[in-house]
Amino acid sequence: MRLYPEQLPQHLKGGLAPCYFIYGDEPLLKMEALDQLRRTAREQGFDERHRFDADEGLDWDLVFDASQSLSLFSARQIIELHLPDKLDKTASERLRELLRQSHPDLLLLIAGPRLNQQQQKAAWFKALAEAGPLVPVTTPDARHLPRWLGQRLHRHGLQAEPDALHWLAYAFEGNLLALAGEIEKLSLLALPQPLTLAALQQQVQPHHHFNPFQLFDPLLQGKIKRACRILLQLRQEGVEAGMLCHLLARELDQLQQLQLGLQAGQSFHQAAAALHVWSSRQPLLQAALGRLPPSKLHQLQVMLAAADQAVAAFDDDEAWRWLYAVCVGFLDDHPLVISP
């Protein structure tokens, strides 16, 4: 069963499952989900907690000893296990063994990073899915962030006018930890309700944050202003141009491979399946191919190669200029005037 963080309160009214796997790249939502599960567990008599990091240095015998021992002070306990980015064969086997030893007085809280499609096919992931609810935690995207923010404000007794709500979402996009702290601060200020744009701009300092992977969807959608804004913010945050060159090259190569599949007579879904493209991303890629002909894709790859050459020559400013030009090049099907 898959649960989202906002569904946890209703789920927990029916009692605790023996195991939960909370995974994803949103630190605030992961922390809050774990806190909610710990709090509910304490209310139900799970007074002892053992925390382990499943890295290469973990002594798994300590985990099993903790799971099977009962202290004089608590008959119920929590084993909290934090998984690394990649799970080796030994860790995978021991994790599955631990899941098989579950009992009513043991609650397993497993926390993990964001997982790709291949990792979600692994035996250890399937074992976790069978053992209890999966709780994915991801940052709300730009479309859903205002609604999430409105709910968050309501929990703190606050309201915001529509333009104020959208400005606040814009100001903290990708940085929910800072946003949560700002909402708590606003709740203490006793400002007139609903909050206005002028009031927020006077009280709040923007703290948006992006990761490199957030650059791709706006490019595929043709939302170039947003993509350029993200690109400039990534540079300010110290992201290396070489990393973006590598990630963009992979994205362009995937588009080109899909284009070749279509030219060979495959349907889009056949070509996407052959490349193991996630179903959630297929509409974005299909729309981008409808806007970007093969000649445009080739031109973008040439420009990206120029950016990569600038990185190799330690000319950072030149590399970022080419990256900016590549982003603008996703706008439409017209040939680019700028070329190496």
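The values are calculated or read from the model by the stated rules, or taken from the named source; none is laboratory data. Remember, predicted model here, so these are calculated numbers, not experimental data. Ideal geometry is used to build each Cβ from the backbone, glycine not excepted, and the neighbour counts take in all protein chains shown. With ligands, DNA and RNA removed, areas are computed over all heavy atoms of the protein, side chains included. Shrake-Rupley method; radii C 1.70, N 1.55, O 1.52, S 1.80 Å.
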*Specify the residue with the greatest mean-square fluctuation among ALA190, ALA122, ALA288, computed from a Gaussian network of the chain linking alpha-carbon atoms under 10 Å apart.*
ALA190
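What does the accessible area per residue of the chain come to in Å², with a 1.4 Å probe and no ligands, DNA or RNA counted?
Values: 17880 Å² over 340 residues.
I get 53 Å² per residue for the chain.
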_For GLU80, residues with placed amide H under 5 Å, excluding near neighbours_ = HIS50, ARG51, PHE52, LEU109
_Cross-link reach list, lysines versus LYS89, counting only Cα pairs under 25 Å and skipping chain neighbours closer than eight places_ = LYS121, LYS126
_Charge dipole (debye, nearest 20) of the chain; +1 at Cβ of Lys and Arg, -1 at Cβ of Asp and Glu_ = 1020 debye
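Classify segment 202-265 as rounded, prolate or oblate from the Cα gyration tensor: take a ≥ b ≥ c as the square roots of its eigenvalues, call it rounded if a/c is under 1.5, otherwise prolate when a/b beats b/c and oblate if not. Don't skip to the answer; put the middle values down first.
Details: a/c = 4.36, a/b = 2.17, b/c = 2.01.
Note, shape of segment 202-265 comes out prolate.
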*What residue among LEU275, LEU95, LEU134 shows peak mean-square fluctuation when the chain is described by a Gaussian network model with Cα springs under 10 Å?*
LEU275
*How high is the relative contact order of segment 96-241, in percent, counting Cα pairs under 8 Å that sit 6 or more residues apart?*
18 percent
*GNM on the chain, C-alpha springs below 10 Å: top fluctuator among SER279, SER92, SER102?*
SER279
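Report, in order of residue number, the helices in the chain meeting two criteria: a C-alpha extent of 30 Å or more along the helix axis, and a mean Kyte-Doolittle hydropathy of at least -1.0; treat each whole DSSP H run as one helix. All intermediate terms of the calculation are to be shown ahead of the outcome.
Values: long enough: 241-263 (32 Å, 0.23).
TM-like helix candidates: 241-263.
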*Using 7 Å Cα-to-Cβ label points, what is the HIS144/ARG250 separation (nm, one decimal)?*
2.3 nm
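What ranking, highest mean first, results for peptides 81-91, 229-239 when packing means the other Cβ atoms within 10 Å averaged over each residue? Could you put the intermediate results ahead of the total?
Numbers: 81-91: 14.6, 229-239: 16.5.
Going from most to least packed, we get 229-239, 81-91.
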*Go through 36-44, 263-271, 296-304 and give me the packing order, highest mean Cβ count within 10 Å leading.*
296-304, 36-44, 263-271
*lysines within cross-link reach of LYS185: Cα-Cα under 23 Å, excluding same-chain residues under 8 positions apart?*
LYS30
*Which Cα, out of GLN77, ALA54, ALA17, lies furthest along the positive dipole direction of segment 1-94 (beta carbon charges, K/R +1, D/E -1)?*
ALA17
_Shape category assigned to segment 1-135 from the gyration tensor of Cα positions, a/c cut at 1.5_ = oblate
*What value, in deg cm²/dmol to 500, does the helix sum -39500 (n - 2.57) over DSSP H runs of n ≥ 4 give at 222 nm once divided by the residues of the chain?*
-16500 deg cm²/dmol
*Share of carbon and sulfur in the accessible heavy-atom surface of the chain [1.4 Å probe, %]*: 53 percent
*Which of the aspartates and glutamates could a cross-linker span from LYS296 if the Cα-Cα distance has to be under 12 Å and same-chain partners fewer than 8 positions apart are dropped?*
ASP332, ASP333
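Could you work out the relative contact order of the chain? I mean the mean sequence separation of Cα pairs under 8 Å and 6+ apart, divided by the number of residues, in percent. Let's see the in-between values first.
Values: 413 pairs, mean separation 51.5, N = 340.
The normalised contact order for the chain reaches 15 percent.
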_Suppose each label sits 7 Å from its Cα in the direction of the beta carbon; what would the MET31-GLN159 distance come out to in nanometres?_
3.0 nm
*In nm, what is the difference between 0.36 nm times the number of residues separating ASP47 and GLN202 and their Cα-Cα distance?*
51.3 nm
